[in-house]
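**Q** Can you keep this structure in mind? I'll have questions shortly.
The values are calculated or read from the model by the stated rules, or taken from the named source; none is laboratory data. Everything numeric here is computed off the predicted structure, so don't read it as measured data. Here the Cβ is made from the backbone with ideal geometry for all residues, glycine too, and neighbour counts use every protein chain on show. Note: areas computed on protein heavy atoms with side chains; ligands, DNA, RNA excluded. Shrake-Rupley method; radii C 1.70, N 1.55, O 1.52, S 1.80 Å.
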Amino acid sequence: MACGHAVRFLVTAVLIFWAPVFLEGSSADAPAQTPPTQLPGHNALLMGTDWYPEQWPEERWETDLRMMEDAHLNVARIAEFAWSKMEPGEGYFQFDWLERAIRQAEKHHIAIVLGTPTAAPPAWLTQKYPETLRVDENGKRALHGNRAHGSVTSLKYKELCHRIAEEMAKRFGHDANVVGWQIDNEYGYGMMSYNDEARRQFQEWLKAKYKTLNALNERWTTTYWSQTYDNWGEIPIPVGENNPGLMLAWQQFTTYAWTGYQHNQIDAIRPHADPRQFLTGNFMGYGFDPIDHFVITKPLTFVAWDDYVGTGHLDPDANGISHDAMRGLKRENIWIIETQPGFVNWSPLNNSLDKGEVRAMAWHDVGHGADEVSYWQWRSALNGQEEIHGTLVGPDGKPEPLLPEVAQTANEFSALQGTFRDTRVVSEVALLQDYESRWAINWQKHTEKYDQFAIFKSYYHALRKISQSMDIVSPDVALDQYKLVVAPDLCLIPKERAQHLEEYVKNGGHLVLGPRSGLKDEFDALLPIRQPGYLAEALGGQVEQYYALEKAIPASGPLGSGEVSVWAEFLTTTSPDAEVLLRYGKSNGWLDGQAAVVTRKVGRGQITYIGGMLSNDLVAAAAQWMAKSSGISPVFGPVADGIEVSRRTGGNGSVFVLINFGGEKQSVALPRTMQSLLDQHETKQVELPQYGVAVLADVKTK
Ligand code: GLA
């Protein structure tokens, strides 16, 4: 199509004849093997779109695919809502149309990711088997006409999901142009069914976990309010507030149910699929937490997530947290299987990202470990709930104004793909996140102002500014690669976890615990030891009491001066070598003059406890101190505020992505003469307008 060709011409005029750059001078060790996100025989960086051929006459497909190819897109995810087209009647499968779409895409060098359609069961199915529909907390069954209406605990539903996934795999499991599978879509937002079938399964799960009712009653302290259970059948599904032990168990069961739902489809696909075809899901970033993602992503080949800004503009910290957290689930590169083509339709204000911001966002994704970025969606259906969502192609079938920017970025991805091959994000600093701790705090915030994300983000922001590279991982994985590990809100520290963390410290790491750490065990029960529980002895100090604050209070000490607000815990030291780094000023009398931050050297490392929610200047000072005492320096070098630096490292060295997220044009002095890869020249300085991007590598010295 003429306009598609015009787009292609525009961008190829700028970028031609790229040779992969071989990097030199690694400053961090990184495994050299290819990440599973980089597919053999394909570019290491891919760009694509989410395409719904079932919504369009077949005569149109050729035009769409040619336009995609012209825009340098090389992957499309399809079919994830097309159940009624693939199985129009029970047991009657129609895949010929899908086969034709896949073949046509192949002709245009567009690899296909197949989505299983189980987020959208068809009307014949829900009509014939109403038990497959989700039932909400009030006993109301979902109606047809939306999506995510299937019940995760319905055995009938899982049987039908298994069958469609298996039939798809039988047909396409060896298809050369199908590179992988996305199971379901967003896993029903983690919603559960509240019916007898679900309750029975929950009770069975509890039985398998606790073995005896005595054990369960003891762990949940059910003597409180006469909650004692005499048989498994008495245990309810918690709705609203309930015993914290029961609430945690239900959330763990939610994870178990969705993981089982996913497993059901893995079992259907794997036996019929080439091992080269990956399996992933479409996850939703850091903020989405009804399911423990460390558990559900375990059996997948890699993690993919859908990255939307919604209202406003890209906040590199908030979005960086999601990227790093999703990357941290399997400690491996990721895909952005959906992202925002300018604007969405579901946020309070669906403003567009600015010109240049979509490109900046794509490079920000890559900097944080993404090897694929895919725009949702190519063209919107002429009817349906998402008619007025942003797209790459308009209802008239012509490119939207954004398409040339996407095409330019896709062309840059292709040009630099060799440079990014086998590279990963390698960091010396990690934040710990734990879904169960997050749930526990959210259920008992104690002050509605307790905003876990704000605390998490304040540490992320301050530490990333210094280190320029951060990981976000589970507290239970090997931590020895990190010089500094910060747990802003690790409420649940059972004995085994404490031993693991203490081991990390003794072996030379620096562990920093934030407020509310080590209050509880793995059953969401209080530990009969003062915070940080099993780590109090190593700290040589303990929390005497916690206070939800009415107003901010001053705090000062060797760490710096500032304020503590919302939450304050005062500590005492129990060991002569424990050092107090911050004390509260005048407050409620209880806190006046008491220790807010305590640190102690243990073995070859150090452990620190921060008992209050620190003001941003104090977090910045604390981060400086942590970095200095742990030997952390920036991976690139100092840059002005507003410039985001990311680094990816492979066996041959490092490549840096610099993006100007500040409002003004900036000149960035490089730490040494480097190769600027997007415009192919050697330089000691780059000029970055707002949303400007530079990709930099060290110059070969041979
Ligand atoms: C989600 C879904 C998509 C689509 C987009 C719209 O990510 O997975 O199907 O609804 O949101 O932003």
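**Q** Which residues does the label zone of E62 cover in region 74-103, counting backbone N under 14 Å from a point 7 Å along Cα→Cβ?
**A** 101
**Q** Give, as a single signed number, the net charge of other residues whose beta carbon lies under 13 Å from the beta carbon of S561, with Lys and Arg counted +1 and Asp and Glu -1.
**A** Summing Lys/Arg as +1 and Asp/Glu as -1 gives -1.
**Q** Another question about this same structure. Using only helices, what value at 222 nm comes out for the chain when you add -39,500 (n - 2.57) per DSSP H run of length 4 or more and divide by the total residues, to the nearest 500 deg cm²/dmol?
**A** The helix contribution divided over the chain gives -9500 deg cm²/dmol.
**Q** Just in region 599-702: which GluC sites (Glu not before Pro) are loop by DSSP and have at most 10 other Cβ atoms within 10 Å?
**A** E664
**Q** Run the numbers for E503 and K207: contour at 0.36 nm per residue of separation, minus the present Cα-Cα distance, in nm.
**A** 103.2 nm is the gain from fully extending E503 to K207.
**Q** Right, next: With a point put 7 Å past each Cα toward its Cβ, work out how far D451 is from V477 in nm, to one decimal.
**A** 2.8 nm
**Q** Still on this structure, I have one more. When the dipole is taken about the Cα centre of the chain, and only Lys, Arg (+1) and Asp, Glu (-1) are charged at their Cβ, what size is it in debye, to the nearest 20?
**A** 1020 debye
**Q** Need one word for the chain: rounded, prolate or oblate. Basis is the Cα gyration tensor (sqrt eigenvalues a ≥ b ≥ c); a/c below 1.5 gives rounded, then a/b vs b/c decides.
**A** Here the chain falls in the oblate category.
**Q** Taking only protein heavy atoms into account and a 1.4 Å probe, give the accessible area per residue of the chain in Å².
**A** Normalised by residue count, the accessible surface of the chain is 38 Å².
**Q** Moving on. Just order 688-698, 405-415 by mean Cβ neighbour count inside 10 Å, highest at the front, would you?
**A** With the highest mean Cβ count within 10 Å placed first, the list reads 405-415, 688-698.
**Q** If you take every residue apart from A623 with its C-beta less than 14 Å away from the C-beta of A623, what net charge results, scoring Lys and Arg +1 and Asp and Glu -1?
**A** Counting the neighbours of A623, the net charge comes to +2.
**Q** Another question, if that's okay. So what is the relative contact order for region 154-237, in percent, with contacts set as C-alpha pairs under 8 Å and at least six apart?
**A** Reported as a whole number, the value is 26 percent.
**Q** Top to bottom by accessible area (1.4 Å), largest first, where do S654, S561 land?
**A** Order by accessible area, largest first: S561, S654.
**Q** Another question about this same structure. Exactly which chymotrypsin sites (Phe, Trp or Tyr not before Pro) in region 312-378 are in a DSSP loop and have at most 14 other Cβ atoms within 10 Å?
**A** Listed in order of number, the matching sites are W346.
**Q** Follow-up question, since we're still on this one. List the trypsin sites (Lys or Arg not before Pro) within region 75-175 that DSSP assigns to loop and that have no more than 12 neighbouring Cβ atoms inside 10 Å.
**A** Those that pass, being in a loop and sparsely packed, are K140.
**Q** In whole percent, what relative contact order does the chain give with Cα contacts below 8 Å and a gap of six or more residues?
**A** It rounds to 14 percent for the chain.
**Q** What's the FRET efficiency of E131 with H313 using the Cβ-Cβ distance as r and R₀ = 51 Å, to the nearest 0.05?
**A** It comes to 0.70.
**Q** What are the membrane-span-like helices in the chain by this rule: whole DSSP H runs, Cα extent along the axis at least 20 Å, mean Kyte-Doolittle hydropathy at least 0.0?
**A** Within the chain the helices that satisfy the rule are 403-420, 616-630.
**Q** In nanometres, what is the gap between the two model label sites at E241 and D267, each 7 Å from Cα along Cα-to-Cβ?
**A** Modelled inter-label distance: 4.0 nm.
**Q** Here's a follow-up. Under a 1.4 angstrom probe, counting protein chains only, how are T574, T301, T683 ranked by accessible area, largest first?
**A** The residues order as T574, T301, T683, largest area first.
**Q** Can you figure out the FRET efficiency of D679 with Q385, using R₀ = 51 Å and their beta-carbon distance, to the nearest 0.05?
**A** Step by step, r from the Cβ atoms, then E = 0.75.
**Q** State, to one decimal in nm, how far the label point of N616 lies from the label point of A552, with both points 7 Å from Cα in the Cβ direction.
**A** For N616 paired with A552, the spin-label model returns 1.0 nm.
**Q** Same structure, new question: In the P(r) worked out for region 411-548, what percent of Cα pairs fall beyond 26 Å?
**A** When all Cα pairs of region 411-548 are counted, 29 percent exceed 26 Å.
**Q** Does a label point 7 Å from the Cα of Q545, set along Cα-to-beta-carbon, have any residues of region 562-595 with amide nitrogen under 14 Å, and which are they?
**A** What the label zone holds, given the 14 Å backbone N cut-off, is 568-572, 587-595.
**Q** Then there's this: Once fully extended, how much extra length lies between W225 and E159, figured as 0.36 nm per residue of separation less the alpha-carbon to alpha-carbon distance?
**A** Between W225 and E159, full extension yields an extra 19.7 nm.
**Q** In the neighborhood of R600, defined by Cβ-to-Cβ distances under 15 Å, what is the net charge if each Lys or Arg adds +1 and each Asp or Glu adds -1?
**A** -1
**Q** Report the charge-dipole magnitude of region 374-529 in Debye, nearest 20, computed about the Cα centre from +1 at each Lys and Arg Cβ and -1 at each Asp and Glu Cβ.
**A** So the magnitude is around 400 debye.
**Q** Write down Rg/Rh for region 230-368, rounded to two decimals, with Rg from the C-alpha atoms and Rh from the Kirkwood relation over Cα pairs.
**A** My calculation puts Rg/Rh at 1.06.
**Q** Calculate, for E664 and N350, the FRET efficiency according to 1/(1 + (r/R0)^6) with r their C-beta to C-beta distance and R0 25 Å; round to the nearest 0.05.
**A** 0.40
**Q** Are any of the pairs K158/K298; K355/K449; K355/K665 more than 26 Å apart by Cα-Cα distance, and if so, which?
**A** Checking Cα-Cα distances, K355/K449 exceed 26 Å.
**Q** Quick check of the Kirkwood formula: for region 48-134, what is the inverse mean of 1/r over all pairs of different Cα atoms, in Å?
**A** It works out to 13.8 Å.
**Q** Among V699, Q685, H313, flag the residue with its Cα farthest along the positive direction of the charge dipole of the chain, charges on Cβ as +1 for Lys/Arg and -1 for Asp/Glu.
**A** V699
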